[in-house]
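Here's the structure, in structure tokens; my notes come after.
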Amino acid sequence: MTGPGFLVHVSTCENALMSDEAEVTVTVVDGVRIVRVSGDFDPDEATLLSGGLVPAPDDSVSGTVVDLARVRFADSSFLHALLTAQGEHDRDGRPLVLAHVPPLVLRLLDLTDIARVFTLADHVPAAAELVRSGRSGSRRQ
């Protein structure tokens, strides 16, 4: 889909507004799925993240940007959801780019030696451009 952007799907836990509760919001902007993730993610919320990252079979987006700027806590279940999504995107031939990766998530990626699996960008516009250009790989932008 092209256009200024619209809300495709919103999933939240109770009282997610201005709290540590996990929230995943999915929009599509100019043919790129933007997944904004905020709050604390542990095994109970990992399915929330997974649901927002799954590309639909009839999905016409060129790829996905995951905005992690507002993630306050993440554990191995969060990383597993990201790895699963990366694998699904790879199989579909669509890029997945992580944007605004906070230090706590970057540390998890580095400690588990999986940072190389993802394409990282400093901000959402740069990540969206990588998706639109079809570029992805294990590099930090």
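What to note about this one:
- By the count of other C-beta atoms within 10 Å, a proxy for reagent exposure, V24, V117, V37 are ordered fewest to most as V117, V24, V37.
- Full-extension gain in nm, E88 to D113, via 0.36 nm per residue minus C-alpha separation: 7.0 nm
All of the numbers you see were taken from the coordinates with simple rules; none came from a lab. The structure displayed is predicted, hence computed values, not measured ones. Cβ atoms come from the backbone with ideal geometry, glycine included; neighbour counts cover every protein chain shown.
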